[in-house]
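Have a look at the structure below, then the notes.
A short reminder: the numbers here are calculations on the coordinates, not readings from a lab. What you see is a predicted model; the values in this text were computed from it and never measured. FYI the Cβ positions are ideal-geometry reconstructions off the backbone, even for glycines, and counts take in every protein chain you see.
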Amino acid sequence: MQKSLRKSGDFACRHELDHLATTTTVAAQPATFEQLAELAAIAKKDIPGVNASQDGLVQFLRDDPESIFAFQRNESVLGGIAFLYLNCRGHDALLLDEIDLKNPSRIYLARPGEDVSAIYVWALAGHGRAAIALGNVAEHLRRERFASADYFAQPSSVAGRDLLIALGFAPVPSFQPNLWTYQRPWNRAPSIVPAPDVSVPVRSHADARI
């Protein structure tokens with residue numbers, strides 16, 4: 001995950017991703033082509049070595065209009081987040097380390113409108129109060145197209161790892177190095193509750209009634 005979100009200490013305590021509150025203070029909407037130059041500039045400034053050119057983001061948005069979200073307060077763009085929406089084949093390729101996450105083949109990506117098998121957090125950058133808009137993004141990704149897909153990410157910094165932990169992510173065994181996942185609450189196996197002790201006291205034959 002190419003990530004830099006200033007003041008991510010707002011998530012110092014655990015705030016599970018699908019339980020984050022929405023906000024009207026900072027808007028989070030699918031990005032427009034007009035916002036991409038500013039989003040690319042923020043990413044280049046905040047994430048060392050980021051592979052996020054304006055042309056690359058344009059292609060992202062053309063491939064899937066819901067793949068990039070912009071965080072905006074009033075008229076100011078505070079940052080954004082970009083996702084790879086993987087189909088079943090892409091999901092398997094992610095776990096097997098068979099996908100180029102910087103330049104993924106289209107065969108691994110869900111088509112616009114197609115149900116998503118896995119959501120990969122490709123990049124996250126922002127400043128100020130941008131972080132509080134994550135609740136708005138999470139609400140969008142609870143829609144039917146995305147609801148069954150778990151999130152995946154690869155933290156590239158200590159701050160990125162801490163943010164993932166705060167949002168409920170955990171490392172997942174895979175061939176993909178340093179891969180973390182957030183399992184949607186409704187995808188989790190129910191907790192096994194021990195059966196109540198209903199053993200019957202041992203009695204003698206004399207206690208039997210006929």
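Annotations for the structure displayed:
- Fully extended contour minus Cα-Cα distance, from K45 to S76, at 0.36 nm per residue: 9.5 nm
- Whole-number percent relative contact order across region 2-186, with pairs defined as alpha carbons under 8 Å at least 6 apart: 31 percent
- Separation between Cα centres of region 57-74 and region 133-154, rounded to whole Å: 15 Å
- Under the convention that each Lys and Arg Cβ holds +1 and each Asp and Glu Cβ holds -1, the size of the dipole of region 2-186 around its Cα centre is about 400 debye.
- Stretched out straight at 0.36 nm per residue, the stretch from E34 to H140 would grow longer than its current Cα-Cα span by 36.1 nm.
- One decimal place: the segment A159-N187 gains 7.4 nm when fully extended, by the rule 0.36 nm per residue minus the C-alpha distance.
- Taking the Cα atoms of region 31-122, the ratio Rg/Rh between the radius of gyration and the Kirkwood radius comes to 0.98.
- Scaled against the 2.2 N^0.38 Å expected of a compact globular protein of N residues, the Cα radius of gyration of region 2-186 reads 0.94.
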